[in-house]
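The values are calculated or read from the model by the stated rules, or taken from the named source; none is laboratory data. This one's a predicted model, so the numbers in the text were calculated from it and none came from an experiment. All Cβ positions, even for glycine, are placed from backbone atoms using ideal geometry, and neighbour counts span all protein chains on display. Protein only, heavy atoms only, side chains kept; ligands, DNA and RNA dropped before computing areas. Shrake-Rupley method; radii C 1.70, N 1.55, O 1.52, S 1.80 Å.
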Protein chains: 6
Amino acid sequence: MATVTATAVKAEKQMERTFSGIPGLDEILFGGFPKNNLVVISGDPGSGKTCMCLEFLYMGATKYNENGVYVSLEESEDEIFRTAEGFGWDFKKLVSEGKMMIISIELYDFDKLKNTVEDAVSRIHARRLVIDPGVVFRLYFDRELDARKRLLSLGRMLKKIGCTAIITNEISLDKTSSLFGLEEYVADGVILLYHTQLEQRFVRSVGILKMRGTKISEKLHPIAITKQGIKILAKHELFEEAE
Amino acid sequence: MATVTATAVKAEKQMERTFSGIPGLDEILFGGFPKNNLVVISGDPGSGKTCMCLEFLYMGATKYNENGVYVSLEESEDEIFRTAEGFGWDFKKLVSEGKMMIISIELYDFDKLKNTVEDAVSRIHARRLVIDPGVVFRLYFDRELDARKRLLSLGRMLKKIGCTAIITNEISLDKTSSLFGLEEYVADGVILLYHTQLEQRFVRSVGILKMRGTKISEKLHPIAITKQGIKILAKHELFEEAE
Amino acid sequence: MATVTATAVKAEKQMERTFSGIPGLDEILFGGFPKNNLVVISGDPGSGKTCMCLEFLYMGATKYNENGVYVSLEESEDEIFRTAEGFGWDFKKLVSEGKMMIISIELYDFDKLKNTVEDAVSRIHARRLVIDPGVVFRLYFDRELDARKRLLSLGRMLKKIGCTAIITNEISLDKTSSLFGLEEYVADGVILLYHTQLEQRFVRSVGILKMRGTKISEKLHPIAITKQGIKILAKHELFEEAE
Amino acid sequence: MATVTATAVKAEKQMERTFSGIPGLDEILFGGFPKNNLVVISGDPGSGKTCMCLEFLYMGATKYNENGVYVSLEESEDEIFRTAEGFGWDFKKLVSEGKMMIISIELYDFDKLKNTVEDAVSRIHARRLVIDPGVVFRLYFDRELDARKRLLSLGRMLKKIGCTAIITNEISLDKTSSLFGLEEYVADGVILLYHTQLEQRFVRSVGILKMRGTKISEKLHPIAITKQGIKILAKHELFEEAE
Amino acid sequence: MATVTATAVKAEKQMERTFSGIPGLDEILFGGFPKNNLVVISGDPGSGKTCMCLEFLYMGATKYNENGVYVSLEESEDEIFRTAEGFGWDFKKLVSEGKMMIISIELYDFDKLKNTVEDAVSRIHARRLVIDPGVVFRLYFDRELDARKRLLSLGRMLKKIGCTAIITNEISLDKTSSLFGLEEYVADGVILLYHTQLEQRFVRSVGILKMRGTKISEKLHPIAITKQGIKILAKHELFEEAE
Amino acid sequence: MATVTATAVKAEKQMERTFSGIPGLDEILFGGFPKNNLVVISGDPGSGKTCMCLEFLYMGATKYNENGVYVSLEESEDEIFRTAEGFGWDFKKLVSEGKMMIISIELYDFDKLKNTVEDAVSRIHARRLVIDPGVVFRLYFDRELDARKRLLSLGRMLKKIGCTAIITNEISLDKTSSLFGLEEYVADGVILLYHTQLEQRFVRSVGILKMRGTKISEKLHPIAITKQGIKILAKHELFEEAE
């Protein structure tokens, strides 16, 4: 019943953190992402992955004075502008002010991608990075070992240049292939975003599977997605009302 | 218990919408499809996929003055005429009036398909598009990544030329291969049409899994298919009566 | 509780129908198969697939004056004669009267099969066709897309020459590979014949999964197989007695 | 509660039958195997498949004056002699009297096998045949379609030469690959022999999945394997005592 | 409730037996392994497979005056000495006395393995053989049919030279691949050793799936592994205490 | 209810042990790892695998005067330093004092890895070894048999040079591929670290699946991961509180 207390949050705060600024998320992370962590967000379709990524960058640029790079492996800059606009976030302005950079790039050469990311991050002194959708890595490499090595090398580079990074992943409802794949093992942290069908309705929730360097909430918390973005009900548990 | 209220519907209406005109559907979408969205309808056999597609185009052409293109990857123009006739929709007339175009084409060259679609849409200034059955994409491409890229490029082109599009998908009862496949992740919206066996009867229902740019109903709603088309009982939940 | 009423049956009768003549089946189809439909019967081993096919042809030839062609991809003419005899149906006589034609052919060239079928149908002006067992299509083609295209082209030809057709399919108890495969999606109608083990006994039932162009019963009905053929208990539900 | 009655057994007896002579089996088949049927016995390890096959041949040779051929694809003549001896059946004597023939042959050429079987059957005018273990067919052919065709051609030959035949099959506990495989669909009859673990014990039972040309019991019956062979408790149901 | 009685054990004793000497095992086998049987022990990790094999050989050499050969496909002679020592069994002494032979050999040539085994058995006139771990056979051969044939030929040779043999197998928790594989079908007997997780603890049990030539207990019996070896509680059922 | 008692722990202590020093672990192992055992730790993402490995080495070097080698197949020395620091363990100092060695090496040549490990162990006279993550072995070798042989040869070398070793493994939530793979069968011991979702929260627990040479706790024990490392609640069972 008692969930995450303010004291616990304080107790963990001595280590360097990257505040997501997403309502409730820093609370269930006991103070935000440990700095320079590579975090995988694994989510169902429609669970709020992109929203969380955009909000992470937006809050960084507007509230914490941390620039961000958004690497889109499938969408154009315009599409990202539009999606952000839907939540009232003016990414175009942030880009023009040099606080944000959006890279729309297809994955056909991993080393080129890595260099592009490194350049972009250093050009605007970014402290936050998003790569979306990360599932493309798994599709791109034929051998799991290869995808794993490249992801590791990417993560190492990001740590070196001082970026807290989020890579999105798609939960395949096909549980037999890989609910938790290489990304979840290789990453420093894993956030699970569920959009599951419970009898006659769809329910959204979040759970922190792991996060190196910090205590985490061990509960599933309900999520609300509104026109202002994603909101985690850190003080509630998923089935609280039902009990 | 309270479902979608008129107020909520109004509140969402400031963004541009494509009204499906299908009874109940716009209501559970809080005002219709966000304009230019690429929507996947994933459905069981006999769940009403084709009916919903035809009705979407028919209502566009007759009620909202929006022309439509129906791209059939497996059926002839005549077959589509006949199926529509079964619901009392005179597609032949709409075609002759230049409000509708039916393209029956086999998928053997993706770029050619894309060009054909683009030409047709611009020729009759269509604002609605249906591609049926979309599962052919998955069967056509050997690598998932390839299918994904092509679908993305198709969706981008449709957005550019200003079309709200529906692509149908088949839910494989084989849950191990891909209940939600690439289409569900790549699309802006996903509508699930179920035709499931509950003990001794078959039941039809609809759920909106995701829809970028709008609030959605988070419930499973019962469906009725009559001689006048598909009808979503937006004010009811699937198991309401049973409880 | 109320099942299919006579009024409902009448209400649907304005469209052209092919009466199966199988006790109960036309009733749960609200008046028989819509004319020229391609129907897949998917059934368990021992569920009565072959019996239903034979009865469909026999009733056509003897009661509705509609000739029929039986294409057997695995059995000889003699074997089919014998099986029909077991139900008291004299197929030999029907063949000699030119009301029936039995083609025993191995599937090694799809186009040849198609031509043979077309020839046979036109020679005796058949209005009914059975291809059994249809699972051979799936085994014959390596790519699902190929099987799908061929089946579509076969169905189109049958519609053109005015035949209502049944293709049998085998439900693999291996639910992971394809309970509903391409046949169920491509066909106009799907009849499910179950022969399932319920604790200590085997139970037979039928359900109509879909049927383009007609209203259908949405229940599972019990089946009896007697020496006079298959009989669907249209007024009962499967678990009626048990409750 | 009432199971198979004597009247029912009589009522079915007008068609030609091959009496198994196995206690209880002819009763649940309403009078024995329809003559010349190709029957698959699908069973778990230790469920009594081999015992049932041996008893079928032994009863034929000693009680019904019908000679039999046992084709072993994996065991030597001596091994079969020994196994039969364990049940008190003197196969050596039957072989020396020309009432039985045991062929131990490896499957490396299907046509050769077929010829060998045909020769043996005609040499001793056999009316019963066993091929054990039939699973070897599936392992031998790479394409399911090939195995299917060969099995069909074998069955056709056996019918022509007037043999009632049993082919054994192994139920793979791996339900995902093929509980009911091609054998069950191709065969005229299927007998299921279960040896299943129910909490803390192993239980044996038999069910007739299908049998062309005869009525069958639709129940699961318990089995006892004693030193005198297999015995089906035709008057009981599997879970009778438990209820 | 009544389990295996002394009378029953006596009643079965007229056939030649190989006494395992393992407490409780001969009892649930109604007098030991039928002589020259090829027995597969299929077990979970940590279920006691190796312990049972070692005890089988140790008891043979020290109590029943039957020499034994241990063929290890993965471990060295020293490792086997050590493992046996852990149970207080001095295999080194038995080897030096010519009552035991340990062969540590990698499987790279099946015929060579067979010859080596045959030589060893005849050199010390062994009556007992263990091959451990047998799973290597399945990994070694690409085609299941090949593994099956070789295992059969091995079993035949062992019968010829008069050995009762145990081959260990690993139960893959991956139920989809092969809980009961070829080994279980090909062998004369199958012993299942479970080490399963029941809620918050691990439980050990044994069941005899099949054993040609003898009556068997049809229950799951609990197992205790102590410093003196494995012990089967033949008079108890697995869930006796819990009920 | 009574769990592991001090007496039992003493009773087992006569054999040589490697004390993990991890609170609770030696207790549920009845005195620590049997010396020179090769132990696999199989765990979910976020279950504490790395923490347990680091603590095992740290306690060895600081409390039991046993040097240790950490072979990282994916992370750099610096990353390991940082992770250890998070628990207050100064690995840098231990390395500088020659009590610890960290080898960061990619697996591209198994023999080279083996030699490197052997050299490192002998150079600092290490008695403890960790290889992390061991899953790389399975990904590296195409044939399971090859991975199995190499792992065996590695384990043999480690025993020869007198090292107690831990190899980490990842539990794939995809139960169909290999919950217990070759590592669990080949290893002397297996520790399972679970991080499982129970309704609305994540729960950590540990179970010992097997451990050659010692008695083990047969229960699932809860785990706490704090800033001081991993702690096993040896006196508790997982669901104790809930009951």
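Applying the condition of being touching a residue at least 40 places away in the same chain (Cβ under 8 Å) and under 20 Å from A:Gly229 (Cα atoms) to the range B:210-223 and asking which residue is nearest to the chain's Cα centre (by Cα) yields B:Met211.
Take the range A:187-208 and flag every residue that is touching a residue at least 60 places away in the same chain (Cβ under 8 Å) and open to solvent by less than 20 Å² (accessible area, probe 1.4 Å). Selection gives A:Ala187, A:Asp188, A:Gly189, A:Val190, A:Ile191, A:Leu192, A:Leu193, A:His195, A:Phe202, A:Val206, A:Ile208. For A:Arg127, the stated conditions hold: it is in contact with a strand residue (DSSP E or B) (Cβ under 9 Å, 6 or more places away or on another chain) and open to solvent by 10 Å² or more (accessible area, probe 1.4 Å). Every condition in (1) modelled with pLDDT of 85 or more; (2) within 9 Å of chain C (Cβ to nearest Cβ) holds for D:Ala165 except the one numbered (2).
Across the range E:224-233, the number of residues qualifying as open to solvent by 20 Å² or more (accessible area, probe 1.4 Å) and part of a strand (DSSP E or B) comes to 4.
Any chance the range C:176-189 includes a residue that's modelled with pLDDT of 90 or more, outside any loop (DSSP other than H, G, I, E, B) and under 25 Å from D:Tyr185 (Cα atoms)? Within the range C:176-189 (the criterion being modelled with pLDDT of 90 or more, outside any loop (DSSP other than H, G, I, E, B) and under 25 Å from D:Tyr185 (Cα atoms)), the answer is yes, since at least one residue qualifies. Scanning the range E:140-149 for residues that are open to solvent by less than 40 Å² (accessible area, probe 1.4 Å) and of a type outside the set (Gly, Ala, Ser) yields E:Phe141, E:Leu145, E:Arg148. Any idea which of (1) surrounded by fewer than 17 Cβ atoms within 10 Å (Cβ to Cβ); (2) modelled with pLDDT under 90; (3) hydrophobic (A, V, I, L, M, F, W, C) is the one E:Leu152 doesn't satisfy? Unmet for E:Leu152, out of (1) surrounded by fewer than 17 Cβ atoms within 10 Å (Cβ to Cβ); (2) modelled with pLDDT under 90; (3) hydrophobic (A, V, I, L, M, F, W, C): (1). Residues that are within 25 Å of E:Met211 (Cα to Cα) and facing another protein chain (nearest Cβ under 7 Å) within the range D:198-238 comprise D:Glu199, D:Gln200, D:Arg201, D:Phe202, D:Gly207, D:Leu220, D:Leu238, listed in sequence order. Restricted to the range E:1-104, the set of helices (runs of 4 or more DSSP H) holding at least 3 residues that are at pLDDT below 95, open to solvent by 20 Å² or more (accessible area, probe 1.4 Å) and on the phi < 0 side of the Ramachandran plot comprises E:6-12, E:77-85. Applying the criterion of being open to solvent by 20 Å² or more (accessible area, probe 1.4 Å) and not in a helix (DSSP H, G or I) to the residues of the range F:105-123, the residue that is nearest to F:Ile22 (Cα to Cα) is F:Ile105. Taken as a whole, the structure leaves F:Asp132 outside the set of residues that are over 19 Å from the mean Cα position of the chain (by Cα) and either away from chain E (no Cβ under 14 Å) or within 30 Å of F:Thr226 (Cβ to Cβ) (or both). Looking across the range A:137-159, just one residue is more than 19 Å from the chain's Cα centre (by Cα), among the basic types (Lys, Arg) and over 13 Å from F:Glu74 (Cβ atoms), and that is A:Arg143. Residues in the range F:69-113 that are among the small types (Gly, Ala, Ser) and facing another protein chain (nearest Cβ under 10 Å) were compared, and the one that is farthest from A:Leu158 (Cα to Cα) is F:Gly86.
Are any of the residues in the range B:114-126 free of Cβ contacts under 8 Å to residues at least 60 places away in the same chain and within 14 Å of chain A (Cβ to nearest Cβ)? Write out each step before concluding.
So in the range B:114-126, the residues free of Cβ contacts under 8 Å to residues at least 60 places away in the same chain come out as B:114-125.
This time we only want the ones that are within 14 Å of chain A (Cβ to nearest Cβ), so: none.
For the range B:114-126, residues free of Cβ contacts under 8 Å to residues at least 60 places away in the same chain and within 14 Å of chain A (Cβ to nearest Cβ): absent.
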